[in-house]
Amino acid sequence: MCARLANMGITDKNVLDAMTDVPRHWFIDSLHKSLAYEDVAISIDCEQTISRPSTVAIQSQALEVKKDMKVLEVGTGSGYQTAILCAMGARVFTIERQHGLFIKTKALLDALHYKAKCFLGDGYKGLTEVDYSPYDRIIITCGAPYVPEALMKQLKVGGIMVIPVGEQQQEMLSITKNGESPEEWIQKPYGNFKFVPMLDGRQFQHRRRP
Ligand code: SAH
């Protein structure tokens, strides 16, 4: 898988090393384990998906993570991208809106000794109950219809946000925040992708009545 990523233009050694070190099959249910090292998105709980390895690599490289940076992730999902960021040496804060995934993935990341701090919440707002901002980096792993203002506020000046923006399909953007005013934000495109949508609010799954 990593040889394929290197051929695709992933040159950041920190990304390639992390993707070599973190077994993707740990984050995939037994039904789909045979696909773990294919470049495909795979269903996880709560009708969500774990992103393709190439997408994880492109986002991780665009994020330009350095050791000990504070990184906020929106969309914990399976926890795979979270684990990659931890393996890259980041201090990771990750938000998930689906209660079921939050519980399951927090337990998995704890069991695997990844030190990410997991939160149940609405990533449009960033972290509100506890404030660890400003972040050096922010990564959004669901399709955002627009760039959330609250998240740009929580990004350090000099920091980078990587975000797929769009409704049906998304354009991957990195936004470098060179100052507080939007005129000082520099965007760089990384091509088109298809993510599950970024939705408002938290989601608790209700048991069906018998
Ligand atoms: N990084 C994940 C990607 C999972 S898919 C992985 O590697 O597995 C995207 C995730 O974003 C889903 O779990 C979805 O529930 C979550 N999500 C969507 N909107 C959100 C929001 N507003 N706040 C937090 N998480 C959100």
Hey, can you find the accessible area per residue of the chain for me, probe 1.4 Å, expressed in square angstrom? 51 Å²
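Taking every DSSP beta bridge that has both residues in the chain, what percent is antiparallel when rounded to the nearest 5?
Details: 15 of 35 bridges.
Here the share of antiparallel DSSP bridges comes out near 45 percent.
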Over 22 Å between alpha carbons, listed pairs LYS70/LYS177; LYS13/LYS106; LYS66/LYS125; LYS66/LYS194; LYS66/LYS177; LYS13/LYS177: LYS13/LYS106; LYS66/LYS125; LYS66/LYS194; LYS13/LYS177
Where in region 102-210 are there GluC sites (Glu not before Pro) that are in a DSSP coil and have at most 13 other Cβ atoms within 10 angstrom of their Cβ? GLU129, GLU167, GLU180
So for R0 = 22 Å, FRET eff. of ASN192-TYR37 from the Cβ-Cβ r, to 0.05, ends up at 0.40
Two-decimal log10 I(q)/I(0) for region 51-182, as the Debye equation yields it once each C-alpha is a single scatterer, q = 0.10 Å⁻¹: -0.27
Relative contact order (%) - criterion: Cα under 8 Å, at least six apart; region: the chain: 16 percent
Accessible surface of the chain [probe 1.4 Å, protein heavy atoms]: carbon and sulfur percent: 52 percent
For the chain, what does -39500 (n - 2.57) per DSSP helix run (n ≥ 4), summed and divided by total residues, give at 222 nm, in deg cm²/dmol to the nearest 500? -7000 deg cm²/dmol
Projected convex hull area of region 101-167, Cα atoms, direction-averaged, in nm², equals 5.1 nm²
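The values are calculated or read from the model by the stated rules, or taken from the named source; none is laboratory data. Given the structure is predicted, the values throughout are model-derived calculations rather than measurements. Cβ sites come from the backbone with ideal geometry, for glycine too, and all protein chains shown count toward neighbours. Keep in mind that these areas ignore ligands, DNA and RNA; they rest on the heavy atoms of the full protein, side chains included. Shrake-Rupley method; radii C 1.70, N 1.55, O 1.52, S 1.80 Å.
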